Structure formats: C-alpha cells, structure tokens
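The next block holds one structure in the form of structure tokens; read it before the comments.
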Amino acid sequence: TRAVTEIAGEFGSGKTQLCHQLAVMVQLPEERGGLEAKAIYIDTENTFRPERIMQIARARGLDPDQALRNIFYAAAHSSDHQMILAEQAKQLIRQHNAALLVVDSVIAHFRSEFPGRENLAERQQKLSKHVADLLRLADAYDIAVVITNQVMAHPDIFYGSPLKPAGGNVLAHGATYRIWIRKGKENVRIAKIFDSPYHPEGEASFRITAEGLADL
Ligand code: ATP
Ligand code: MG
C-alpha cells in the first residue's frame, strides 16, 4: 500500500512546482527513481502549466509531448467536483498504469465554500470524507497520493512560526506523511518531514530551477 503525502507551505514555497516535478518523475524508469507510470493531476487553483511539465521532462531526457500525454489532467471547479474527480480517478487507475494522484490544493475549495467558524464543522466533515476517499484510493490501488495544503496564521502563537498547516485534525490525522516547505535564500527551499509516526524529523534542501527541482 502506498501513502497520502501532504505538502504544506506558504505562498510561493514550491508546492505546485513539486507537484509538476513528481508528475514527471513518476514516468521515469525505476533505475532513475521513477515508476515508469502515468500521473493523474487534479488542479483546484488553475496553476497547472503544461509548458512547465514539458520543460521538466526535457531536462530529464523524456519526450515532452509524451510526458504531457502521460498526465491525466482535470480542473476541479468546486469541492463537490473535486470529490467526483477523485472518485473517477479509480477508473483511470484501473485502465491505465497510473501510480501517482496529485491534488493541488486539497483544501482551497473547501476553505472558500465554507468560510467562517459557523461553517467549520461542515467543512471539516466534508474534507474528512475526501481525505478518507484518497487514503482508500492509495490503499486499494497501491498508488502514491500527493496533496497540497495551504497555511494559515495563528496569531495566538507567540513563539516560533505563527504559520500552521490548514485543515486542522482532518489533515493531521488523514495524511500518512506530512512535509512542510519553507523558503530559503533566493530559489532555495527546505522541506521538512513532520508529525510522522514512522520517521524522525528530517530536512532536505533543494533549488527551484529552470530544469525543475534540483537537490542541493
Ligand atoms: P501557492 O501557495 O501560491 O500555491 P506554491 O507553494 O504552489 O504557492 P509554487 O507556485 O510551486 O508555489 O512556486 C512558485 C515559485 O517557483 C516561484 O517563487 C518561482 O520562484 C519558482 N519558479 C516557478 N517556475 C520557475 C522556473 N521556471 N524556474 C525557476 N523557478 C521557478
Ligand atoms: Mg500552488
């Protein structure tokens, strides 16, 4: 069984860039770190860029047009639509060799459709169902699910960073792995695994370059 990995981080931290990179990497042969498989990409913020996929693919020696065709793309217009797309992904996974499902971002529609405290319970209930659906998908079809999460400021926290991942307990308990990306100097980003029941906290730095993400 594979996992649901949450990528959280502030605006411009590189969550969407990482999703693009993963959608290409999964296509590489296993000896080059891939799964020789296709990707499904659910975009809720209209930030998917085909040209960026082609650029990253070219840098990895893949045929850019083929790399793009190996990504099943869908834009989700609402949280309901997003949940339907996740359901429909099953069909694609069964029929094609898809090993990665990206949802970027998992929470944006939920946050805008259920604003304020008065809607929080309903939002969390619905989001919880969505995340559970994704976990079941990862489990049943042995695929990697990667979801991105926004951050929110907790002004009541005076020590350390006031930024926390959105989604509260639903994501904290729903995601198998949680990764937090923060900005370093210029194009450097630091990814930290946190809250994991299986891993000690660890960090890895990378750069966002024209060719895609590069290890430091
Ligand atoms: P948001 O919360 O707004 O969705 P995000 O975490 O998804 O933000 P990204 O859109 O992944 O952030 O990252 C944007 C950053 O990636 C930009 O700051 C830019 O510096 C970098 N970037 C994007 N494209 C390129 C490129 N072709 N070459 C180098 N850097 C790039
Ligand atoms: Mg983004």
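The values are calculated or read from the model by the stated rules, or taken from the named source; none is laboratory data. Computed from a prediction, not measured in an experiment: that's the story for all the values here. Counting neighbours? That spans all protein chains shown, and the Cβs are built from the backbone with ideal geometry, glycine included. When the accessible area is computed, the model is the full protein with side chains, heavy atoms only, and any ligands, DNA or RNA have been set aside. Shrake-Rupley method; radii C 1.70, N 1.55, O 1.52, S 1.80 Å.
Quick check on my filter: what residues within the range 187-215 are within 25 Å of Glu51 (Cβ to Cβ) and surrounded by 11 or more Cβ atoms within 10 Å (Cβ to Cβ)? Those that are within 25 Å of Glu51 (Cβ to Cβ) and surrounded by 11 or more Cβ atoms within 10 Å (Cβ to Cβ): Asn187, Val188, Arg189, Ala191, Phe206, Arg207, Ile208, Thr209, Glu211, Gly212, Leu213, Ala214. What's the number of the condition Ala8 fails, among (1) near ligand 2 (Cβ under 10 Å from one of its atoms); (2) crowded, with 24+ Cβ neighbours inside 10 Å? Unmet for Ala8, out of (1) near ligand 2 (Cβ under 10 Å from one of its atoms); (2) crowded, with 24+ Cβ neighbours inside 10 Å: (1). What about Glu31, is it loosely packed, with under 15 Cβ neighbours inside 10 Å, assigned to a helix (DSSP H, G or I), more than 15 Å from the chain's Cα centre (by Cα) and more than 16 Å from ligand 1 (Cβ to nearest atom)? Criteria met by Glu31.
Of all the listed residues (Gln125, Gln82), the sole one being in contact (Cβ under 8 Å) with a residue 40 or more places away in the chain, part of a helix (DSSP H, G or I) and more than 29 Å from Pro29 (Cα to Cα) is Gln82.
Within the range 134-191, the set of residues being modelled with pLDDT of 90 or more, in a loop (DSSP other than H, G, I, E, B) and away from ligand 1 (no atom under 16 Å from the Cβ) comprises Asp142, Ile143, Ala175, Thr176.
Does Ile40 fit the bill of being outside any loop (DSSP other than H, G, I, E, B) and either touching a helix residue (DSSP H, G or I) at 6+ places or on another chain (Cβ under 7 Å) or surrounded by 21 or more Cβ atoms within 10 Å (Cβ to Cβ) (or both)? Spelling it out, Ile40 is indeed outside any loop (DSSP other than H, G, I, E, B) and either touching a helix residue (DSSP H, G or I) at 6+ places or on another chain (Cβ under 7 Å) or surrounded by 21 or more Cβ atoms within 10 Å (Cβ to Cβ) (or both). On the basis of being in a helix (DSSP H, G or I), of a type in the set (Val, Ile, Thr), open to solvent by less than 70 Å² (accessible area, probe 1.4 Å) and in contact (Cβ under 8 Å) with a residue 40 or more places away in the chain, does Val131 make the cut? Judged against the criteria, Val131 is a match.
Checked against (1) within 16 Å of ligand 2 (Cβ to nearest atom); (2) surrounded by fewer than 17 Cβ atoms within 10 Å (Cβ to Cβ); (3) not acidic (Asp, Glu), Gly184 meets all criteria but (1). Only residues that are open to solvent by less than 30 Å² (accessible area, probe 1.4 Å) and either among the aromatic types (Phe, Trp, Tyr) or under 17 Å from Ala23 (Cα atoms) (or both) were counted across the range 53-84, and they come to 9. Residues that are within 16 Å of ligand 1 (Cβ to nearest atom), open to solvent by 30 Å² or more (accessible area, probe 1.4 Å) and part of a loop (DSSP other than H, G, I, E, B) occur at least once in the range 12-23. Somewhere in the range 96-103, is a residue outside any helix (DSSP H, G or I), free of Cβ contacts under 8 Å to residues at least 60 places away in the same chain, farther than 22 Å from Ala8 by Cβ and open to solvent by less than 10 Å² (accessible area, probe 1.4 Å)? The answer is no; no qualifying residue exists. Is it true that some residue in the range 151-174 is touching a His at 6+ places or on another chain (Cβ under 7 Å) and either touching a residue at least 12 places away in the same chain (Cβ under 8 Å) or of a type outside the set (A, V, I, L, M) (or both)? Yes, because at least one residue in the range 151-174 is touching a His at 6+ places or on another chain (Cβ under 7 Å) and either touching a residue at least 12 places away in the same chain (Cβ under 8 Å) or of a type outside the set (A, V, I, L, M) (or both).
Out of (1) open to solvent by 40 Å² or more (accessible area, probe 1.4 Å); (2) in contact (Cβ under 8 Å) with a residue 40 or more places away in the chain; (3) assigned to a loop (DSSP other than H, G, I, E, B), what's the single condition that is false for Lys90? With (1) open to solvent by 40 Å² or more (accessible area, probe 1.4 Å); (2) in contact (Cβ under 8 Å) with a residue 40 or more places away in the chain; (3) assigned to a loop (DSSP other than H, G, I, E, B) applied to Lys90, the lone miss is (3).
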